[in-house]
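Colleague: I am attaching a structure below and will ask some questions about it afterwards.
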Amino acid sequence: MAARDHIERLFAHSFRFLPTNLISRGWGRLSHTAWSKNLIPHFARAFRIDLAEAERPAHEYPSLGAFFTRRLKSGLRPLDTHPAAVISPVDGKVAQAGQCEQDRLLQIKGRQYDLFGLLRDAEATRQLEGGPFATLYLSPQDYHRIHAPLDLTIRAVGYMPGVLYPVNGPAVRWVNNLYSNNERVMVYAESAAGLCVLTLVGAHCVGSIRLSFTDLVTNRAGVGPKRLNFPDGIRVSKGDELGVFEMGSTVILLFSPGAVEWELPDPGLTIRMGQKIGSILKPIARTGESGGPS
């Protein structure tokens, strides 16, 4: 093993000895204090954030947390409005994309994890087995609001507590079952492509994941697995805001078999919210409840 690989592995596995959830909650509180506003210029420089894209000048944000979850100026992320277009729900980079085969998803070459372990839902796993998935990574540099990849009717939300390891390159390369061990939120929805699941994966120093259409907030001490049902459905249009990460993280987008064909750039390349990343192959009308954690 090369020296760099050895260092990366030690770094990635060191987090198992840390109280990652407690550290992340502490960071979340600190980042929303008035004092943290002083860190904004340093943070922006360190991560090469394009301040010209922010909705407001940097000095107008009351805290680092408010700056981190900033909105963008209107019109900066035009949507592909074609009815068959699936758009990227986030700014970030493509980590992986492909097909779920035998309940297995690719974390990185040579390392897989299982779909049921990610969702903890047998019925949703059955429906998504063999379908396309895309893993999209958001670095601290990126815009951190999550949007609908197409018109959706949200039927349920699942919450699974877990650890909060980083989801950056070293962790992805060296930590087994990274995404299915980290804290995560699953948004289950009906769409013209059938069942669509967005899995929002928390990460180290993500103060919380907040949803825009319900009051669920993650990373709360003592909170166990949770399911929220919406029997009447919550309708959202392509590009509508679904939630926000309070630090860099990952979205895993899942569809039923034969529903979507990806048109993604290669892993490691940048995507922007609103950009077309796939096409619906055979639009369908879907009724009834989507799956969700039991």
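The values are calculated or read from the model by the stated rules, or taken from the named source; none is laboratory data. All values reported here derive from a predicted model rather than from experimental measurement. Backbone-built Cβ (ideal geometry, glycine too); neighbour counts: all protein chains shown.
Colleague: With a cut-off of at least 1 residues that are modelled with pLDDT under 95, name the strands (runs of 3 or more DSSP E) lying wholly within the stretch 175-274.
Modeller: 184-191, 194-201, 209-211, 226-236, 241-245, 249-255
Colleague: So in the stretch 29-66, with the set limited to residues that are out of contact with any Ser or Thr (no Cβ under 8 Å at 6 or more places or on another chain) and of a type in the set (Phe, Trp, Tyr), which one is surrounded by the fewest Cβ atoms within 10 Å (Cβ to Cβ)?
Modeller: 35
Colleague: Here's a follow-up. Answer yes if at least one residue in the stretch 141-161 is among the polar types (S, T, N, Q) and surrounded by fewer than 20 Cβ atoms within 10 Å (Cβ to Cβ), and no otherwise.
Modeller: Yes; the residues of the stretch 141-161 include at least one that is among the polar types (S, T, N, Q) and surrounded by fewer than 20 Cβ atoms within 10 Å (Cβ to Cβ).
Colleague: What helices (runs of 4 or more DSSP H), lying completely within the stretch 1-105, carry at least 1 residues that are at pLDDT below 95 and under 21 Å from the mean Cα position of the chain (by Cα)?
Modeller: Once the helices (runs of 4 or more DSSP H) in the stretch 1-105 are filtered for at least 1 residues that are at pLDDT below 95 and under 21 Å from the mean Cα position of the chain (by Cα), what remains is 3-14, 20-31, 64-68.
Colleague: Restricting attention to the stretch 106-122, does a residue exist that is outside the structural domain of residue 270 (by TED's automatic domain parsing), free of Cβ contacts under 8 Å to residues at least 60 places away in the same chain, crowded, with 17+ Cβ neighbours inside 10 Å and out of contact with any Phe, Trp or Tyr (no Cβ under 7 Å at 6 or more places or on another chain)? Step through it out loud before you land on a result.
Modeller: As a first pass, look at the stretch 106-122 and keep what is outside the structural domain of residue 270 (by TED's automatic domain parsing): none.
Scanning the stretch 106-122, I find no residue that is outside the structural domain of residue 270 (by TED's automatic domain parsing), free of Cβ contacts under 8 Å to residues at least 60 places away in the same chain, crowded, with 17+ Cβ neighbours inside 10 Å and out of contact with any Phe, Trp or Tyr (no Cβ under 7 Å at 6 or more places or on another chain), so the answer is no.
Colleague: What's the number of the only condition in (1) touching a Gly at 6+ places or on another chain (Cβ under 6 Å); (2) hydroxyl-bearing (Ser, Thr, Tyr); (3) under 20 Å from residue 280 (Cα atoms) that residue 135 fails to meet?
Modeller: (1)
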